[in-house]
Amino acid sequence: MAKSGTTTQGLLRAAIERSGYYPALVAEAVEAAVGGEPISSYLVHQETTFDSNEVRRHVTVLVLTGNRFIVSHTDEQAADAGSPSPYATTSTESVKLSSISSVVLSRVVANPESYTPGQLPREVVLTIGWGAVSRIDLEPAACGDPNCDSDHGYTGNSTADDLSLRVSEAGDGPETVRQTLVFAQALSEATAATATPAR
């Protein structure tokens, strides 16, 4: 996965095909976004959700090149008033590495008292922010006086939350968890390298 060039492009194509989720459509969109750049790392994540009586699938492909972070989403939709047959939508976004503001990796480990280095977490959540989407959580501000009924305005937090992927060993398998860890490390290192001033 850390190999570069054609070999990694072939491995990415194979991973997309293994997912079994419209591989020709997904691969074409990803390859068009990557262009001729060598691939440093990648992650393919398929998610199945249940909406009323329907099962919907979604695949996310993340690709890291020397200069960019590429995100591809493909969703399937049931027939509706606008389309008499089921359809899929694919979108890709290309982000300069210098634009990435945060890479957060949360790990859930079972039995932490017996954890050994290198042991796979039970699940991981990878959150990446680059400023396209921010979430603001507000709540009324208060003072320390329990009898005070004055308006103190609001307080809150702004969080960059452009992409969040949850991967679990039970749902996605240990190899996908491992790939997520490798991709997160590669992306963190790449963004750190772009933030380091040249000497």
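FRET efficiency for the Gln119 to Thr90 pair, using the beta carbon distance and R₀ = 41 Å, is estimated at 0.70.
How large a share of the accessible area of the range 1-131, in percent, is made up of carbon and sulfur atoms when the probe is 1.4 Å and the other protein chains stay in place? Don't skip to the end; give the middle numbers.
Values: 3550 of 7000 Å².
Roughly 51 percent of what the probe reaches on the range 1-131 is carbon or sulfur.
If I take R0 = 41 Å and measure r between the Cβ atoms of Ala170 and Cys143 in this structure, what FRET efficiency does the formula 1/(1 + (r/R0)^6) give, to the nearest 0.05? Display every interim value, and only then the final one.
Working: r = 46 Å, r/R0 = 1.12.
For Ala170 and Cys143, the calculated efficiency is 0.35.
When the chain is fully extended, how far beyond the present Cα-Cα distance does His58 get from Ala193, taking 0.36 nm per residue of separation?
Details: separation 135, 0.36 × 135 = 48.60 nm, distance 3.17 nm.
Additional length available on full extension: 45.4 nm.
The values are calculated or read from the model by the stated rules, or taken from the named source; none is laboratory data. All figures in this text were calculated on a predicted structure; none of them were measured in a lab. Here Cβ is always computed from backbone atoms with ideal geometry, including for glycine, and neighbour counts include all displayed protein chains. Heads up: the accessible areas ignore ligands, DNA and RNA and are worked out on the full protein's heavy atoms, side chains in. Shrake-Rupley method; radii C 1.70, N 1.55, O 1.52, S 1.80 Å.
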